[in-house]
Amino acid sequence: MELALSCYTATKNFPSSEIYGLTSQIRRSSSSIPANIAEGYGREHRGSFVQFLRISQGSLKELETHVILSGKLEFLERPGVENLLAQAEEVGKMLRAMIRSLQRKQ
């Protein structure tokens, strides 16, 4: 959830021409990560939960791509890109650990 909040903050000053472009894509992919985790958890079935965690991983990779592109287009300054990518790396580690843990229990 913190990563999504950081993404919303980071995109506040994007060009208005990007409201339906990168601004929307970054916000959508970042909010999709915790939403899929919650949806998978709510299914109350370990296999479904793992599937939704993997969907979250895909959204995370999509987010990382959009953040890198935003940096290359100079919508985000280097420290902003690095901060978001560092947060994304931490989320990725947590997702991988959770998937491994759930798979060991099966």
* **Within region 43-77, considering residues that are touching a residue at least 40 places away in the same chain (Cβ under 8 Å) and of a type in the set (Val, Ile, Thr), the one nearest to SER24 (Cα to Cα)** => VAL67
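Return yes or no: is ARG54 in contact with a Leu (Cβ under 9 Å, 6 or more places away or on another chain), surrounded by fewer than 19 Cβ atoms within 10 Å (Cβ to Cβ) and at negative phi?
yes
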* Would you mention how many residues in region 6-36 are surrounded by 12 or more Cβ atoms within 10 Å (Cβ to Cβ), part of a helix (DSSP H, G or I) and without any contact (Cβ under 8 Å) to a residue 24 or more places away in the chain? => 7
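Is there a residue in region 52-61 that is under 21 Å from GLN103 (Cβ atoms), assigned to a helix (DSSP H, G or I), out of contact with any strand residue (DSSP E or B) (no Cβ under 7 Å at 6 or more places or on another chain) and of a type in the set (Ser, Thr, Tyr)? Can you show your working first?
Kept after step one, since they are under 21 Å from GLN103 (Cβ atoms), are these residues of region 52-61: 52-61.
Now drop any that are not assigned to a helix (DSSP H, G or I), which leaves 52-61.
Then keep just the ones that are out of contact with any strand residue (DSSP E or B) (no Cβ under 7 Å at 6 or more places or on another chain); that gives 52-61.
Retained after the next criterion (residues that are of a type in the set (Ser, Thr, Tyr)): 56, 59.
Among the residues of region 52-61, at least one is under 21 Å from GLN103 (Cβ atoms), assigned to a helix (DSSP H, G or I), out of contact with any strand residue (DSSP E or B) (no Cβ under 7 Å at 6 or more places or on another chain) and of a type in the set (Ser, Thr, Tyr), which makes the answer yes.
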* Hits in region 20-53 - residues which are in contact with a helix residue (DSSP H, G or I) (Cβ under 7 Å, 6 or more places away or on another chain), at pLDDT 95 or above and basic (Lys, Arg) -> ARG27
* To do: Answer yes if at least one residue in region 60-78 is within 30 Å of LYS105 (Cα to Cα) and touching an Asp or Glu at 6+ places or on another chain (Cβ under 8 Å), and no otherwise.
  => no
* Somewhere in region 77-89, is a residue at pLDDT 95 or above and not in a helix (DSSP H, G or I)? -> yes
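The values are calculated or read from the model by the stated rules, or taken from the named source; none is laboratory data. Treat the numbers as computed from the prediction; the structure is a model and nothing was measured. Cβ coordinates were reconstructed from backbone atoms using ideal geometry, including for glycine residues, and neighbour counts include every protein chain displayed.
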